[in-house]
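These notes concern the structure reproduced below.
The values are calculated or read from the model by the stated rules, or taken from the named source; none is laboratory data. Note that the structure is a prediction, hence the values are computed from the model and not measured. Cβ sites come from the backbone with ideal geometry, for glycine too, and all protein chains shown count toward neighbours.
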Amino acid sequence: MALDGGSGPDGHVAGAFARRSGFQNGRFTIVGGRMDGEWRLSATPFFDPRSGRFQGYRGQARRPYLHEVAAQPEKAAISGLSSDSLRQLVHELRTPLNAILGFAEIIEQELFGAAGVEYRDMAGKIAVDARHLLAAFDDLDLAARVSRGDGSSAPELMDPDQLVTQIAARFDDQAIAGGSAIDIAIAPALPQVRIDPVQGERMVQHLLRTLISVAPAGETVTGACWFQPDGGAGRVVLAIDRPSSLTGLDEGQLLDPGYGADGDWADGPLLGLGFSLRLIRSLAASCNGSLDIEPGRLLLAIPAATMADDAADLG
């Protein structure tokens, strides 16, 4: 949603404006003039008390704090927090959030008695938001553990065909609900890969979830999975075509941990597209794989298991 000259808000602000809802610490970039640079906006909508018509926003703008600016995006981390501190913070946030989710479900399901329709509807919305936050906390916790190199279990032989097929089927309902679809062509007789099964599932799950969430309604998320010889054991590649919403964005823009002037997506990953892609890349690197970003697609590659791996697993 950039304005003439490159100035404009991020998608967080643009999405909130379209929904006439409040927002906090959204990014607004001004190019040129005395106000040049990044700003942070927080505002709440106000409506005519008689007609209920939207009248505008009341809020404030400020320059970003130091910890809000990613000076080196390629090495961005959560400023001032060690991995241990981050995991402790996630634990302390998750505990009360679980309690909120529990009470919301009690009201929504009327477990302790009848509740009005409006209360049940509100409780349902709170429960949905709480689950989204819990998923974001899980991602933060996973990122902290990967950065420390711990938390992984012993690698096992896995069938990539089965892995991709099961996870794609899991997201079918989500894609259909958003007006999209998933279509991944899988080559026959793929070799097995030797990876931590939990991290393998998370890599594929995060990749599909992230790209589904930014795909426009009605657009099919397409891809392919095949074996690629490379002189050694080779590797298994899962390539997902870019949704049209990502067309023209280079790798630096996609991996930007903040919001860009061209916008983020209201239904995108809660922690941002850049965070999700960086997490996938870190998970892939932990098992000697990679996440490569090409102009038309994203390629997740994992080394194929060797004959020695097969023999060791059988033994």
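Summary table below
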| item | result |
| --- | --- |
| Unmet criterion (only one of (1) more than 17 Å from Ala187 (Cα to Cα); (2) without any contact (Cβ under 8 Å) to a residue 60 or more places away in the chain) for Gln199 | (2) |
| Count of residues meeting criterion [at pLDDT 85 or above and of a type outside the set (Val, Ile, Thr)] in region 173-195 | 9 |
| Positions within region 233-253 being over 18 Å from Ala285 (Cα atoms) and among the small types (Gly, Ala, Ser), in sequence order | Ser244, Ser245, Gly248, Gly252 |
| Only one of Leu93, Leu133, Leu81 that is within 30 Å of Arg202 (Cβ to Cβ), at pLDDT below 80, in a loop (DSSP other than H, G, I, E, B) and among the hydrophobic types (A, V, I, L, M, F, W, C) | Leu81 |
| The lone exception for Arg209 - which of (1) assigned to a loop (DSSP other than H, G, I, E, B); (2) modelled with pLDDT under 85 it fails | (1) |
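Matching residues to (1) touching a helix residue (DSSP H, G or I) at 6+ places or on another chain (Cβ under 8 Å); (2) buried (at least 20 other Cβ atoms within 10 Å of the Cβ); (3) assigned by TED's automatic domain parsing to the domain that holds Leu190; (4) within 17 Å of Phe171 (Cβ to Cβ):
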{"residue": "Ala217", "(1), (2), (3), (4)": "no, no, yes, yes"}
{"residue": "Thr222", "(1), (2), (3), (4)": "no, no, yes, yes"}
{"residue": "Phe227", "(1), (2), (3), (4)": "no, no, yes, no"}
{"residue": "Val236", "(1), (2), (3), (4)": "yes, yes, yes, no"}
{"residue": "Ser244", "(1), (2), (3), (4)": "no, no, yes, no"}
